[in-house]
Each structure stands twice: as C-alpha cells, then as structure tokens.
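The values are calculated or read from the model by the stated rules, or taken from the named source; none is laboratory data. Predicted model, so just to flag it, every value in this text is computed and none were measured. Glycine also receives a Cβ, built like all others from the backbone with ideal geometry; neighbour counts cover every protein chain displayed.
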Amino acid sequence: MVQQMISKPTTNAAAVRTVRNLRTGELIVHRIVLADNWFRRLRGLLGTSTLPSGSGLLLAPCRAVHTIGMRYSIDVVFLDRHNRIRKTATQVAPFRLCPAHRHTCSVLELPSGTVRRSGLRIGDKLEFEEEQLMAAPESAG
C-alpha cells in the first residue's frame, strides 16, 4: 500500500518523493507531498495559489476529493491498493466534487494538464520512489 511504500524521512535527511509510470517509464511527479493523516488530508491544497508543474499531493488513504475553496483546476488520479490507476478526472475546476472509483484507496492530485501530457491511462501502475538526501554536515569551527 502507498503508506508502506513512502516512509517518513529520517532525522538528518530530507526525502524527495517521485512518481513514475511503470508502463512508460516516465517520471510523472518530481516532488510529491504525502497527506497521510486526517489534518493533512482535510487541508489538502486549500490555501495554495498554484500547484507547480512536476509536483503533486498524494492523499492516503482517500476515496474521493473536492475542490471546494480552491483557486485553480487540478487533475485527479484515483489509485487502488496496488497503485494502479482506476479513474482519472482532468481539469477539475474549483468548487467541484470528484467521486471515486469503488476500488480507490488513494488519490494523487496533479497540476491541471498532467494526465493528458504524460499519457496516463486507466490500468497504468504507478511506482512511488523515495530518495533520502543527507543533510549537509555541520561545519566544525
């Protein structure tokens, strides 16, 4: 499951999380934020003015999303427990409800146009990768 695949970063490291489409090998998201608790999922993208290209928000667990209170459109990818795409919703405008596919376990929110540009399809399997970047050593002196 997604929560098991993306662990918490260790104390002296920062995690860079990415998403790759295993069918095409393409890197879809260069920097992902994980919303894995009630408060983070509730807040989601509210209060943000944009979702930069190459970034995304993974809500896990999650079955449906809304864009109420948002200022911009997004693409939404609904994933099952094996990280296979079950449904996509493109250019979801602000103040809309976006119901899930019945096998949805997590939802990936992306900048509007990402699904089309990257050629994501229902059935594609996504891989979540995490790279630990070590913090710079403290200078002695």
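Look through segment 37-66, keep the residues that are under 11 Å from the mean Cα position of the chain (by Cα) and of a type outside the set (A, V, I, L, M, F, W, C), and return whichever of them is surrounded by the most Cβ atoms within 10 Å (Cβ to Cβ). Looking at residues that are under 11 Å from the mean Cα position of the chain (by Cα) and of a type outside the set (A, V, I, L, M, F, W, C), I get Gly56. Within segment 129-141, the only residue that satisfies the criterion of being surrounded by fewer than 12 Cβ atoms within 10 Å (Cβ to Cβ) and modelled with pLDDT of 55 or more is Glu131. Do the conditions hold for Leu126, that is, is it surrounded by fewer than 18 Cβ atoms within 10 Å (Cβ to Cβ), over 16 Å from Leu51 (Cβ atoms) and among the hydrophobic types (A, V, I, L, M, F, W, C)? No.
Considered as a group, the residues in segment 67-92 that are farther than 11 Å from Thr104 by Cβ and of a type in the set (A, V, I, L, M, F, W, C) include one that is surrounded by the most Cβ atoms within 10 Å (Cβ to Cβ), and that residue is Ile74. Just to be sure, is Asp80 at pLDDT 95 or above and touching a helix residue (DSSP H, G or I) at 6+ places or on another chain (Cβ under 7 Å)? In short, no.
Just one of the numbered conditions (1) closer than 19 Å to Thr18 by Cα; (2) part of a strand (DSSP E or B); (3) of a type in the set (Val, Ile, Thr); (4) in contact with a Ser or Thr (Cβ under 9 Å, 6 or more places away or on another chain) is not true of Ile85: (4).
Taking Val2 as the residue in question, decide whether it is loosely packed, with under 15 Cβ neighbours inside 10 Å, modelled with pLDDT under 80 and not hydroxyl-bearing (Ser, Thr, Tyr). Criteria not met by Val2.
Residues that are hydrophobic (A, V, I, L, M, F, W, C) and assigned to a strand (DSSP E or B) were ranked within segment 93-115; the one that is surrounded by the most Cβ atoms within 10 Å (Cβ to Cβ) is Leu108.
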